[in-house]
Amino acid sequence: MKIAFVINGSIQKLHKTITSITNTFSEFDIKIYTSADEGHFMQLCSDALYDNCDHIILVGGDGTVNKGINGIANYFLLKESRQPDDFNWEAMGKIKVGIYPAGSGNDFVKTIYKDTSLQALKKLIEQRSYQMTDIGWVRFQNLQSQEEIRFFINITDVGMGGETVRKKSKLPAWMGANWGYSWAIITTLIRYKKCAIKAYNDSFYREGKVINLVVANGKYFGNGLGIAPDAVVTDGKFSLVTIGDITLLDYFKHLSKVRKCVKINHQEVSYHTVETITIESNSARKITIDMDGEYIGTTPMTLQCLPRKINFIAAKR
């Protein structure tokens, strides 16, 4: 067993985190990789695999985990077309992936871990506790208006979510994650104009104006908002949550339920389950995409749930 800790070099208390890791895992064969910039993280995941690490711990927030999953997948890419079958999933499934949350947004871990401490992670590894987990395959238009294919592990949504994370990224660091996300959500909701969308697959069709349409593998996003209570990361399906015409008053009225990850009983909120979904703008307006807490581009977008592709270090379900 050889464990790689791939760390987002921009996290707060970086040196303290590294010291905690080395102390907690002193009995293991570990190697620490620290990213120098945003684009460096994915390459470090490949470097760890080249160095024969069979356990890769991603240290950072949801965006860091997203980059880690994509970096690992890129290592096992067989064909440049990047279709769902163009990766060596069998070999990738032998790599155990874990998360140590240390970023501004740590939502996916709320779905898979009850205890996010290093000691709990160490115990899971000692117990050989692993769980094959679904991931999402996405084809979309990137920020350069070019078609791109990526994977996501937690949630991808269109509409207000993309505007919110774009606004959050411009806020000063002193606001922190809790205040930053809350401020970005509220100010976006006040001014956001509903977008006309068309979402469909072979057995589902939705057309109309929405504030947000959420495609969820995990349950939480937006720094602790339990938007998809029915989401299960091992069932081979996405939870699709559609939010139509809600007001700021509606948001505050139902906020406590969302934080408790309870379904909202509102005529403008609906829940569905899908394996694939295509989302398009029904107007000339480009609709922004939020993927795992980052603004990545615009629609049109096609998503497919790929069952049990990532072997997570987690309690077996």
Could you check, for the stretch 210-231, whether at least one of its residues is modelled with pLDDT under 95, over 25 Å from I69 (Cα atoms) and over 18 Å from the mean Cα position of the chain (by Cα)?
yes
Residue identified as touching a Phe, Trp or Tyr at 6+ places or on another chain (Cβ under 6 Å) and in contact (Cβ under 8 Å) with a residue 24 or more places away in the chain among I21, I95:
I21
Criterion first (among the acidic types (D, E), under 22 Å from A315 (Cα atoms) and surrounded by fewer than 19 Cβ atoms within 10 Å (Cβ to Cβ)) does E148 satisfy it?
no
Quickly run through the stretch 183-199 and pick out the residues that are of a type outside the set (S, T, N, Q) and in a helix (DSSP H, G or I).
W183, A184, I185, I186, L189, I190, R191
For residues that are crowded, with 24+ Cβ neighbours inside 10 Å and of a type in the set (G, A, S), scanning just the stretch 30-66, find the one that is modelled with the lowest pLDDT.
G61
Which of the following residues is of a type outside the set (G, A, S), at pLDDT 95 or above, assigned to a strand (DSSP E or B) and over 20 Å from N74 (Cβ atoms): Q119, Q131?
Q131
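Residue by residue, here is whether (1) farther than 30 Å from F76 by Cβ; (2) crowded, with 17+ Cβ neighbours inside 10 Å holds:
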residue: L240; (1), (2): no, yes
residue: I246; (1), (2): yes, yes
residue: C261; (1), (2): yes, yes
residue: V269; (1), (2): yes, yes
residue: I279; (1), (2): no, yes
residue: A284; (1), (2): yes, no
residue: D290; (1), (2): no, yes
residue: L303; (1), (2): no, yes
Of the residues in the stretch 78-109 that are closer than 23 Å to G61 by Cβ and in a loop (DSSP other than H, G, I, E, B), the one that is modelled with the lowest pLDDT is S104
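Listed here are the residues, each with its yes/no results for (1) touching a Gly at 6+ places or on another chain (Cβ under 8 Å); (2) of a type in the set (K, R); (3) more than 28 Å from I95 (Cβ to Cβ).
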site: E268; (1), (2), (3): yes, no, yes
site: Y271; (1), (2), (3): no, no, yes
site: I279; (1), (2), (3): no, no, yes
site: D290; (1), (2), (3): yes, no, no
site: Y295; (1), (2), (3): yes, no, yes
site: T299; (1), (2), (3): no, no, yes
site: T302; (1), (2), (3): no, no, no
site: C305; (1), (2), (3): yes, no, no
site: K309; (1), (2), (3): yes, yes, no
Quick check on the stretch 126-139. Is at least one of its residues surrounded by 18 or more Cβ atoms within 10 Å (Cβ to Cβ) and under 26 Å from T188 (Cα atoms)?
yes
Taking first residues from the stretch 258-281 that are closer than 21 Å to R139 by Cβ and in contact (Cβ under 8 Å) with a residue 60 or more places away in the chain and second residues anywhere that are polar (S, T, N, Q) and assigned to a loop (DSSP other than H, G, I, E, B), the pairs with Cβ under 7 Å that are 6 or more apart or on different chains are V274/N201; T276/N201; I277/N201; T278/N201
Take the residues in the stretch 200-222 that are buried (at least 24 other Cβ atoms within 10 Å of the Cβ) and of a type in the set (S, T, N, Q), then tell me which one is nearest to T299 (Cα to Cα).
N212
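The values are calculated or read from the model by the stated rules, or taken from the named source; none is laboratory data. Small disclaimer: the values here were computed from a predicted structure and weren't measured. Backbone-built Cβ (ideal geometry, glycine too); neighbour counts: all protein chains shown.
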